[in-house]
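Any read-out appearing in this document is the output of simple, stated calculations on the displayed coordinates, not a laboratory observation. Note that the coordinates shown come from a computational prediction; the quantities given were computed from them, not determined experimentally. Cβ coordinates were reconstructed from backbone atoms using ideal geometry, including for glycine residues, and neighbour counts include every protein chain displayed.
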Amino acid sequence: MSLTTFDTATSVVEKMRAIIARCDELEPRIGAFIHRNAEDALMQAAASDERRAAGASLGPMDGVVVGVKDLISVKGHPLSCASRILESYVSPYDAHVAEKLKGAGAILWGRLNMDEFAMGSSCETSFFQKTHNPWDLERTPGGSSGGSAAAVAAGMCEIALGSDTGGSIRQPAAYCGIVGLKPTYGLVSRYGLAAFASSLDQIGPMGRTVADCAAMLQVIAGHDERDSTSLKLPVPDYMGALQAPEAPVKIGLPKEYFTDGVDPEIRAAVNAAVEFYRSRGCEIKEVSLPHTEYAIPVYYIIAPAEASSNLARYDGVRYTRRSPDAKNTYEVYCKSRGEGFGSEVKRRILLGSYALSSGYYDAYYLRAQKVRTLIRNDFLKAFEDVDVLLTPTTPHHPFRIGEKVDDPLSMYLEDIFTISVNLAGLPGLSMPCGFGSSGLPIGMQLIGKPLDETTLLRTALAYENAHQFKSARPKGLVR
Amino acid sequence: MPDKPAIDIDHVANLARIELSPEEKRVYLAQLGKVLDYFARLDELDVSNVEPSAHAAPVYNVWREDVPAPTMDTADVVMNAPQKRNGQVLMPRVVSE
């Protein structure tokens, strides 16, 4: 029996047609996709059917319909980063992950909405559209990979690619009731990913179940010489590890993550998960990550600083929209960027430029990098005693569309439980662990040792197998 | 960290090469001031003996052989350029006649 939920029974073309029809029905209300090319997807599906008929299937991902976040290059497909400045850009090459998935026979389907250049926690900074949470259309799906999370939750693809710089896979996964995995920094090549903050960015799977995510990770992980931070290590057999018998692990609960600032329903759901693990023989231990409170200022110095450098390439010269009013080279830069970037992207580029500017570099950027060391050391110390950390993914339920757009600092504070993981380069997984009284899904986060995705996935699977959350779907979507 | 971070918004916008409207300058000045105040809490920590982390992975310089290999076609390289001519990107004249 297959471990994954991928549909292998029907013909791939029939499955693709059904997904296209479902998108046509749901997209006016959800808005997960910036772009869809049904003809292209059906051609990929037909090729998969042909392989299957010829007995030449490429493996468990052959014919699986994968949604793609709109910052990952797929040759010949548009790529906008949900920004006006890349409104008409078409990728001339494949990202490493796109190459890998194509090589495994997956169907790369559509371009999924996101916060502009992945800067945001709600998909509201997209130039093109708002995405609505399939569980409550008045609320955001989270971000920045909100389109990916909403599309998976609403059944508009079987699994999706997301990217995570400060929680952009895990927070929308929690908000939309799905599983999202941010791998260890360096496990998945960033070649062909539009860069936001290069020392933090990582591509990962967002799927309905732990095994679905493991199956995709199996394909996309591994060394790639085109990304100089890609780790030169063999890829473990994740799928094999999921079939091994359950074994208790030592679970740490960082006390800084279980405070009064967390919604009581979320705390209760995560505490129930702790009791589940205890009942399975896991040792539970309180640990401390004393520098947790500094993670947000560190992140919001480092990420904008790196972004201000990375986004310098969008200058109206080589591949971005050029202002029609620009009369000289300087105006091509300033006017194209002034017109092309949205307000959150400008805010972060300004913040980053300031933090790196002469006279302020030591006070902000260098100091933040030093505190980053302290944050990473906190985790390494905790992992001397435990195998996995268990925390809430978010302090609150999904917020309403428009609720936080005018208060950037309050939006930034929502990232408190996810960003430390990026600063320390660790793997982190969010999975559903219950529902609030209003019917909104709740996510819990498992954090692993560097490169120990195997323990993370196995620990998550033990919980998933004993609960019904993976089969829960948003109701009332299809009329 | 400076006591009262005074942002010269015109200077920063110029460094970032972003043209801002007067309204944007007003809004960003207020919002960034608030965010920088929040950053001041990093001053509470003594980091004098701490090494900075540029990133989390223990990866250092990566070398490869300098071997010529095929690259992208010129047509693909300039396919997204807003203005182009003869396989080259076109920009406004830099040197006046």
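Given the Cα atoms of the stretch A:314-421, and with Rh set as the inverse mean 1/r over their pairs in the Kirkwood sense, what is Rg to Rh to two decimals? Can you show the working numbers first?
On the way: Rg = 19.7 Å, Rh = 17.8 Å.
Taking Rg over the Kirkwood Rh, I get 1.11.
Can you sort B:9, A:375 from fewest to most other Cβ atoms within 10 Å of each residue's own Cβ? List each step's numbers first, then the result.
Details: B:9 17, A:375 23.
Lowest to highest Cβ neighbour count: B:9, A:375.
Report the one residue of A:343, A:445, A:155 whose Cα lies farthest in the direction of the positive end of the charge dipole of the protein assembly as shown (charges on C-beta: Lys and Arg +1, Asp and Glu -1; origin at the Cα centre).
A:155
What FRET efficiency, computed as 1/(1 + (r/R0)^6) with R0 = 45 Å and r the Cβ-Cβ distance, is obtained for residue B:67 and residue A:57, rounded to the nearest 0.05? Please list the in-between numbers first.
Working: r = 35 Å, r/R0 = 0.78.
That gives a FRET efficiency of 0.80.
Tell me the angle of helix B:22-39 to the major Cα principal axis of chain B, expressed in degrees between 0 and 90 and rounded to the nearest ten.
Relative to chain B, helix B:22-39 is tipped by roughly 60 degrees.
Please give the FRET efficiency for residue B:43 paired with residue B:11, using the beta carbon to beta carbon distance and R0 = 30 Å, rounded to the nearest 0.05. Kindly include the intermediate steps, with their values, before the conclusion.
Working: r = 23 Å, r/R0 = 0.78.
So, using R0 = 30 Å, E works out to roughly 0.80.
Tell me the relative contact order for chain A as a rounded percent, counting alpha carbon contacts under 8 Å between residues six or more apart. Please list the in-between numbers first.
Numbers: 1095 pairs, mean separation 85.0, N = 479.
With pairs under 8 Å counted, the relative contact order is 18 percent.
Once Lys and Arg get +1 and Asp and Glu get -1 on their Cβ, which of B:38, B:94, B:54 lies farthest toward the positive end of the dipole of chain B?
Toward the positive end, the furthest listed residue is B:94.
Under a point spin-label approximation (7 Å from Cα along Cα-to-Cβ), what is the residue A:225-residue A:14 distance to one decimal in nm?
The modelled label-to-label distance comes out at 4.6 nm.
Scaled to the compact-protein estimate 2.2 N^0.38 Å, what is the alpha-carbon radius of gyration of the protein assembly as shown, rounded to two decimal places? Display every interim value, and only then the final one.
Values: Rg = 23.1 Å, N = 576, 2.2 N^0.38 = 24.6 Å.
Dividing the Cα Rg of the protein assembly as shown by 2.2 N^0.38 Å gives 0.94.
With each run of n ≥ 4 DSSP H residues scored as -39500 (n - 2.57), what mean residue ellipticity at 222 nm is computed for chain A after dividing by its residue count and rounding to the nearest 500 deg cm²/dmol? Don't skip to the answer; put the middle values down first.
Numbers: 15 runs with 174 residues, N = 479.
Taking each H run of at least 4 residues, the total per residue is -11000 deg cm²/dmol.
Is there a simple number for the mean count of other chain Cβ atoms within 10 Å of the Cβ of residues in A:327-340, and what is it?
Details: counts 1, 5, 4, 4, 2, 5, 4, 7, 3, 4, 6, 8, 2, 1.
The shielding value for this peptide is 4.
Would you tell me the mean number of C-beta atoms belonging to other protein chains that fall within 10 Å of each C-beta in B:13-26, as a whole number?
Values: counts 7, 3, 9, 17, 13, 16, 12, 5, 1, 0, 0, 5, 1, 0.
Per residue, the average neighbour count from other chains is 6.
Report the FRET efficiency, 1/(1 + (r/R0)^6), for residue B:60 and residue A:358, where r is their Cβ-Cβ distance and R0 is 25 Å, rounded to 0.05. Provide the component values of the computation, followed by the final result.
Numbers: r = 28 Å, r/R0 = 1.12.
With R0 = 25 Å, the Cβ-Cβ based efficiency is 0.35.
Could you work out how much longer the chain between residue A:407 and residue A:250 gets when fully extended? Use 0.36 nm per residue separation minus the Cα distance between them, nm to one decimal. Display every interim value, and only then the final one.
Details: separation 157, 0.36 × 157 = 56.52 nm, distance 3.93 nm.
Computed gain between residue A:407 and residue A:250 is 52.6 nm.
How well do other chains shield peptide A:343-353, expressed as the mean number of their Cβ atoms within 10 Å of each residue Cβ?
Values: counts 4, 0, 1, 6, 6, 2, 6, 14, 9, 3, 8.
Mean inter-chain Cβ contacts per residue within 10 Å come to 5.
Expressed in nm², what is the orientationally averaged projection area of the convex hull enclosing the Cα positions of the stretch B:1-44?
With every direction weighted equally, the projected area is 3.2 nm².
Per the helix-only calculation at 222 nm, which mean residue ellipticity applies to chain B, given -39500 (n - 2.57) for every DSSP H run of n ≥ 4 and division by its residues, nearest 500 deg cm²/dmol?
Numbers: 3 runs with 29 residues, N = 97.
For chain B, the value works out to -8500 deg cm²/dmol.
Taking K and R as +1 and D and E as -1, what net charge do the other residues with C-beta under 11 Å from the C-beta of residue A:385 add up to? Intermediate results must be reported in sequence, preceding the final value.
Values: positive: A:250, A:285, A:381; negative: A:283, A:286, A:384, A:387.
Around residue A:385, the charge tally is -1.
Expressed in nm to one decimal, what extension gain is obtained for the pair residue A:43 and residue A:279 from 0.36 nm per residue of sequence separation less their Cα-Cα distance? Could you put the intermediate results ahead of the total?
Working: separation 236, 0.36 × 236 = 84.96 nm, distance 4.92 nm.
Going from the current span to full extension adds 80.0 nm.
Pick from B:86, B:61, B:14: which is most flexible by mean-square fluctuation in a GNM of chain B where alpha carbon atoms under 10 Å apart are linked?
For chain B, modelled as a Gaussian network with Cα springs under 10 Å, the answer is B:86.
Taking Cα pairs under 8 Å and at least six residues apart, what relative contact order does the stretch A:386-441 come out at, in percent?
On the way: 26 pairs, mean separation 19.9, N = 56.
Once normalised by length, the contact order is 36 percent.
Quick check on packing: order A:152-159, A:246-253 by the mean number of other C-beta atoms within 10 Å, highest mean leading. Could you put the intermediate results ahead of the total?
Details: A:152-159: 26.9, A:246-253: 17.4.
Taking the mean over residues of other Cβ atoms within 10 Å, the ranking is A:152-159, A:246-253.
Residues of the stretch A:341-359 with amide nitrogen under 17 Å from the 7 Å Cα-to-Cβ point of residue B:29?
A:347, A:350-351, A:354
Reachable lysines from residue A:182, Cα under 17 Å, same-chain residues fewer than 8 places away excluded?
In chain and number order, the partners are A:69, A:449.
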